[in-house]
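Asker: The structure that follows is given in the form of structure tokens.
The values are calculated or read from the model by the stated rules, or taken from the named source; none is laboratory data. Just so you know, these numbers come straight off a predicted model, no measurement behind them. Cβ placement follows ideal geometry from the backbone for every residue including glycine, while neighbour counts extend to all protein chains displayed. Just so you know, the surface numbers come from the protein's heavy atoms only, side chains and all, with ligands and any DNA or RNA stripped out. Shrake-Rupley method; radii C 1.70, N 1.55, O 1.52, S 1.80 Å.
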Amino acid sequence: MKKKIVVIGSSNTDMIVKAPRIPRPGETVIGGEFSMAAGGKGANQAVAAARAGGDVTFVARLGDDLFGRQALAGFRRDRIRTKFVFKDTKTRSGVALICVGETGENSIAVALGANAKLSPADVEAARKAISSADILMLQLEVPLETVAAAIRIAAGKKVRVILNPAPARALDDNLLRHVSILTPNETETELLTGITIQDDSSIREASEMLLSKGIGSVIITLGARGVYIATREVHEFVPAFRVKAIDTTAGGDVFNGTLAVALAERKNLMEAVRFANAAAAISVTRMGAQPSAPWRKEIRTFLQGAQ
Ligand code: RIB
């Protein structure tokens, strides 16, 4: 039977320009190609988890507009449960402006729209689903009080919580101590710990500081280098698979969504990270956020080829 994953978070429509490089402030770069794709950190993670084999319930807010309707149709195509995807009649759906450079690096500006209206009451409506989930997965593109309300429900029922602290925001220790698995990237790690990530020892020091707050496991994503896993027993680097990246947008989201499924299926941390690394590697070879998320079969085939 599929494992139950509840994802709470944002949904955006991404407006993407693939340009020779990302412009500096005040600069105009020409020669780009335009595309639109479904995005939003929460929605990307929900889609990645569904395609990786999870039974996914998504809790989110969309505007009552074309982008919202398209997003909802996409979730249904991916067989995501949408009972708690609310329609906000007063606010537009979220939009992200994304510039992708030649080597796949990106810069993103988000207009949160209805995502900013996702409330603790919305989460409360999904209490039963959260309480019976194998994993609750969250990011920080929705209000912090909403994230905190969801974590409180999960903690009360001993449901494992994965928090992807993106985009970077300061977080209360009271919230962090209920997090089972925290998955920051380098910048988010720096913001949460005040430690500049410059070498292996600073990565270890930062992960130990996060563990000391009561978090179960810390998985620091390091882009093309791979990830660093820290628990009370293990400190270890897991290398990324080497691929030619064309668009790194949502690579982290695909990693997180796939990780949630692997952990819910009781794979050990190493195996789960390898499975999620494979999914992320596939995703960065494709353009767009949700269009890049691979299906379980593709991840398996990739891993067989990598052995
Ligand atoms: O993590 C990538 C996502 O960040 C994009 O899809 C964009 O919508 C923003 O939420």
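Asker: Per the helix-only calculation at 222 nm, which mean residue ellipticity applies to the chain, given -39500 (n - 2.57) for every DSSP H run of n ≥ 4 and division by its residues, nearest 500 deg cm²/dmol?
Answerer: Working: 11 runs with 111 residues, N = 307.
Counting only the DSSP helices, I get -10500 deg cm²/dmol.
Asker: Next question, about the same structure. For the chain, calculate the relative contact order in percent as a whole number, restricting contacts to Cα pairs under 8 Å that are 6 or more residues apart. Spell out each step's value before the answer.
Answerer: Values: 739 pairs, mean separation 58.5, N = 307.
It rounds to 19 percent for the chain.
Asker: Still on this structure: At a Förster distance of 51 Å, what's the computed FRET efficiency of Phe34 paired with Thr196, Cβ-Cβ distance as r, to 0.05?
Answerer: Values: r = 37 Å, r/R0 = 0.72.
E between Phe34 and Thr196, to the nearest 0.05, is 0.90.
Asker: Let me ask something additional. Tally up the carbon and sulfur contribution to the accessible surface of the chain as a whole percent, 1.4 Å probe, everything protein left in place. Can you show the working numbers first?
Answerer: Numbers: 7240 of 13850 Å².
Whole-percent figure for carbon plus sulfur exposure: 52.
Asker: Identify which of Asp78, Asp64, Asp200 has the largest mean-square fluctuation in a Gaussian network model of the chain, with springs joining Cα atoms closer than 10 Å.
Answerer: Comparing Asp78, Asp64, Asp200 in a Gaussian network model of the chain, the most mobile one is Asp200.
Asker: Over region 45-140, with the other protein chains present, what is the accessible area per residue in square angstrom, probe 1.4 angstrom?
Answerer: Details: 4260 Å² over 96 residues.
Using a 1.4 Å probe on heavy atoms only, each residue of region 45-140 averages 44 Å².
Asker: Restricting attention to region 243-301, which trypsin sites (Lys or Arg not before Pro) occupy a DSSP loop and are surrounded by at most 15 other Cβ atoms within 10 Å?
Answerer: Values: sites: Lys244, Arg266, Lys267, Arg274, Arg286, Arg296, Lys297, Arg300; in loops: Lys244, Arg266, Lys267, Arg286.
Of the trypsin sites (Lys or Arg not before Pro), the ones in loops of region 243-301 whose Cβ has at most 15 other Cβ atoms within 10 Å are Lys244, Arg266.
Asker: Looking at the chain only, what percent of DSSP beta bridges run antiparallel? Nearest 5 please. Intermediate values should be presented prior to the final figure.
Answerer: Details: 22 of 52 bridges.
Of those bridges, close to 40 percent are antiparallel.
Asker: When the chain is fully extended, how far beyond the present Cα-Cα distance does Ala155 get from Ala170, taking 0.36 nm per residue of separation? Before the final figure, lay out each step's value.
Answerer: Numbers: separation 15, 0.36 × 15 = 5.40 nm, distance 2.04 nm.
Net length gain for the segment: 3.4 nm.
Asker: Return P(r) of the chain (all Cα-Cα pairs; 10 Å bins starting at 0; whole %; ordered from short to long distances).
Answerer: 7, 30, 37, 22, 4, 0
Asker: Using Cα positions and a limit of under 19 Å, work out the lysines in reach of Lys158, with same-chain residues fewer than 8 apart set aside.
Answerer: Correct list for Lys158: Lys3, Lys4, Lys128, Lys213, Lys267.
Asker: For Lys244, go through the lysines and keep the ones whose alpha-carbon is under 24 Å away, minus same-chain ones fewer than eight residues off.
Answerer: Lys18, Lys41, Lys297
Asker: Give, in whole angstrom and from largest to smallest, the semi-axes √(5λ) of the equivalent ellipsoid of region 1-125, with λ running over the eigenvalues of the Cα gyration tensor.
Answerer: Output for region 1-125: semi-axes of 29, 17, 12 Å.
Asker: Considering only the other residues whose Cβ falls under 12 Å of the Cβ of Ala60, what net charge follows from Lys and Arg at +1 and Asp and Glu at -1?
Answerer: Values: positive: Lys41, Arg61, Arg81, Lys83, Lys87, Lys117; negative: Asp88, Asp122, Glu141.
Within the 12 Å Cβ shell, the charges total +3.
Asker: Once you sort the root eigenvalues of the Cα gyration tensor of region 170-232 as a ≥ b ≥ c, which label holds: rounded (a/c under 1.5), prolate (a/b larger than b/c) or oblate (the other case)?
Answerer: prolate
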